[in-house]
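Colleague: Sharing a structure, written as structure tokens. Questions coming.
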Amino acid sequence: MDLRTGDPRTGGGGTQTAGPQTRTPGEPTEPESEPKPETSPKRARRRPGPFTLLVLPGLLALMGVAGFLAMTGGLSDAWSQGSGTPEARGARVDASYVPWLRKAVADCTVVKPSVLAAQIDRLSGWNNDAGALSGEKGIAAFTDAQWRTWGKDDDGNGRSSPRDPADAMMALGRRDCSLAREVTDLRTEGIVNGDLVNLTLAAYASGTDAVKRAGRVPAEAETYITEVKSLSSRYRSVDRESSGGAVNQVPGAVLAAPVADLTVTSPFGSREHPLTGVTKLHTGIDFASPQGSQVSAASKGQVVFAAMTSAYGNRVVIDHGTVDGKRLETTYSHLLSLQVSVGQAVDAGAPVGLVGSTGLSTGPHLHFEVILDGRYTDPLPWLNPGGG
């Protein structure tokens with residue numbers, strides 16, 4: 001029974017309680033039966049029993065709380081269409097919809113199904129009508145204009161609707177993956193810096209232009225990112241099992257040394273930038289090397305970026321394909337000059353540029369990065385000084 005409508009058998013429109021009923025002035029407190037003779041002795045008033053004193057107040061309080069939750073949607077089941085049970089405590093997603101979450105980001109290495117589910121939780125709480133007053137529709141909170149761009153009839157039921165959960169999840173996945181590609185390109189070009197998941201969520205919350213202007217996650221997007229990433233822990237069970245282990249797990253020293261001398265002048269990890277004074281993650285390793293020294297490809301792959309950037313100076317990015325199902329890229333920055341171009345295939349040891357000090361640099365060195373599945377990882381364990 002819906003606590004908001006009352007018991008249909010009574011014809012009432014509100015929650016029924018066992019408490020005192022309102023009466024008009026002069027109305028008897030208790031219903032009267034047959035009039036009793038004046039000489040009849042008065043019946044003694046019974047004191048409240050244990051049920052009235054102990055149990056009834058608790059029941060009234062419980063009914064009040066339940067009524068409040070019902071009116072605010074706290075007792076509603078956002079996935080009444082599904083046939084499964086929740087995958088995790090606190091995760092209000094039906095098991096029959098988990099394949100759609102996975103399919104929506106199947107071609108996107110940056111956004112995981114748990115992140116997509118957390119976004120929906122943050123946007124609507126899995127409530128199809130959560131944004132009705134603001135013009136947003138469905139669990140993924142699409143406006144009509146946004147739906148014309150991203151919406152499709154993905155479940156093949158003959159209609160494309162933001163109120164169709166399957167269509168909504170697929171549309172949000174397309175939108176997120178498109179943003180992930182944009183921020184990946186921006187980071188590859190050295191225009192922005194930071195974790196790709198955070199940058200993607202920031203682009204969703206504030207727009208790609210805001211991320212580009214800030215060069216990182218803009219301040220106004222930080223709260224949204226924190227909330228989504230906190231919620232994502234509820235939905236980890238919807239992620240596919242990974243065969244490759246942890247993100248930073250190295251399957252062996254598979255990369256050749258990019259320079260002849262691997263003297264480290266600044267390791268991977270948090271540090272204060274020598275020029276800007278900002279403390280943040282140093283996303284690679286700095287190798288000391290003389291100006292004009294040869295820089296070589298660490299492994300076979302394809303050049304996906306080769307150009308001058310403001311922070312990295314002359315920068316080369318090589319895509320090496322996948323390692324245990326994870327995309328592997330290496331970057332080479334602050335180069336004096338470039339010796340490769342975009343689209344060029346290279347082998348391990350092939351020349352890519354010369355050591356320099358272009359961009360934000362204090363002197364000649366190579367800034368070398370290893371990016372695994374869109375995340376920076378310590379390059380040192382990957383390197384095999386003896387060869388590829």
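The values are calculated or read from the model by the stated rules, or taken from the named source; none is laboratory data. Because the structure is predicted, anything quoted here is derived from the model rather than measured. Virtual Cβ from ideal backbone geometry, glycine too; neighbours counted across all protein chains shown. Side chains included, ligands, DNA and RNA excluded: accessible areas come from the protein's heavy atoms. Shrake-Rupley method; radii C 1.70, N 1.55, O 1.52, S 1.80 Å.
Colleague: Within the range 98-248, what whole-number % of the accessible surface is contributed by carbon and sulfur, with the 1.4 Å probe and all protein chains included in the calculation?
Modeller: Its accessible area is 45 percent carbon and sulfur atoms.
Colleague: Give the calculated FRET efficiency between GLN344 and THR226 to the nearest 0.05, with a Förster radius of 45 Å applied to their Cβ-Cβ distance.
Modeller: 0.65
Colleague: Step through the table entries LYS112/LYS300; LYS152/LYS300; LYS212/LYS326, compare each Cα-Cα distance with 30 Å, and write down the pairs that go over it.
Modeller: LYS152/LYS300
Colleague: Related question: Leaving out ligands and nucleic acids, and using a 1.4 Å probe, what accessible area per residue does the range 103-196 come to in Å²?
Modeller: Numbers: 3770 Å² over 94 residues.
Heavy-atom SASA per residue in the range 103-196 reads 40 Å².
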